[in-house]
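Worksheet: one structure, shown below.
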Amino acid sequence: MNNKKIENLLVFAWLTSLIATLGSLYFSQIRMFEPCTLCWYQRILMYPLVIVILIGIIQKDAKVALYSLVFSLVGFLLSTYHYALQNLSFLSETAPACGRVPCTGQYINWLGFITIPFLAGTAFLFIFICSLLVFKIKKEEA
């Protein structure tokens, strides 16, 4: 991985995953917001990205973008579904119970639309875009 653009994209993706991970830990450990089941699934997809992308950066291996692409795509789809559960009445009214904390609950609602699944979805989207750009650059180099 000798391309500086690729390295910068991976660093940005790693920083995004690190901030998202620290943010989720802040909400649960400092603010004491108990995560719902869908939040846990999003965490399961985000937390490993911090380690996986960092290893790719250290080893200068752009192939790590494949893993981050898959994890971030699944995470983005899950976050989008979770956000829709919170904000679309026809979904929230028929949402199944998902543990002690309802997945339709909103611990935060900044500016009338920014909730925790929105923040997670934004992070997954940034990581997904960075991963796609890494693939595009690698394809152009080949």
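The values are calculated or read from the model by the stated rules, or taken from the named source; none is laboratory data. Computed from a predicted model, the values in this text were never measured in an experiment. Backbone-built Cβ (ideal geometry, glycine too); neighbour counts: all protein chains shown.
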Taking Phe118, is it surrounded by fewer than 16 Cβ atoms within 10 Å (Cβ to Cβ) and among the aromatic types (Phe, Trp, Tyr)? no
With the first residue restricted to the range 58-85 and required to be surrounded by fewer than 20 Cβ atoms within 10 Å (Cβ to Cβ), and the second required to be of a type in the set (Lys, Arg), Cβ contacts under 9 Å at 6 or more apart or on different chains are Lys63/Lys138
Just to be sure before I move on: is Val101 closer than 24 Å to Lys138 by Cα, surrounded by 13 or more Cβ atoms within 10 Å (Cβ to Cβ) and of a type outside the set (Ser, Thr, Tyr) in the structure I sent? no
Those residues of the range 94-123 which are under 13 Å from Leu38 (Cβ atoms) and aliphatic (A, V, I, L, M), in sequence order: Ala95, Ala97, Val101, Ile116, Ala120
How many residues are of a type outside the set (Gly, Ala, Ser) and free of Cβ contacts under 8 Å to residues at least 40 places away in the same chain when one looks only at the range 123-142? 4
Residues of the range 1-30 being within 14 Å of Ser131 (Cβ to Cβ) and of a type outside the set (A, V, I, L, M), which ones? Lys5, Glu7, Asn8, Phe12, Trp14, Thr16, Ser17
Selection from the range 124-142 of residues aliphatic (A, V, I, L, M) and assigned to a helix (DSSP H, G or I) yields Leu125, Ile127, Ile129, Leu132, Leu133, Val134, Ile137
So Gly121 passes all but one of these: (1) assigned to a helix (DSSP H, G or I); (2) more than 15 Å from Gln42 (Cα to Cα); (3) under 21 Å from the mean Cα position of the chain (by Cα); (4) not hydrophobic (A, V, I, L, M, F, W, C). Which condition number does it fail? (2)
What do you reckon, is Phe126 crowded, with 16+ Cβ neighbours inside 10 Å, among the aromatic types (Phe, Trp, Tyr), within 22 Å of Thr37 (Cβ to Cβ) and at pLDDT 95 or above? no
Taking the range 32-57 on its own, how many of its residues are crowded, with 18+ Cβ neighbours inside 10 Å and in contact with a Cys (Cβ under 7 Å, 6 or more places away or on another chain)? 2
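Modelled with pLDDT of 95 or more and buried (at least 18 other Cβ atoms within 10 Å of the Cβ): which single residue out of Ser28, Ser24 fits that description?
Ser24
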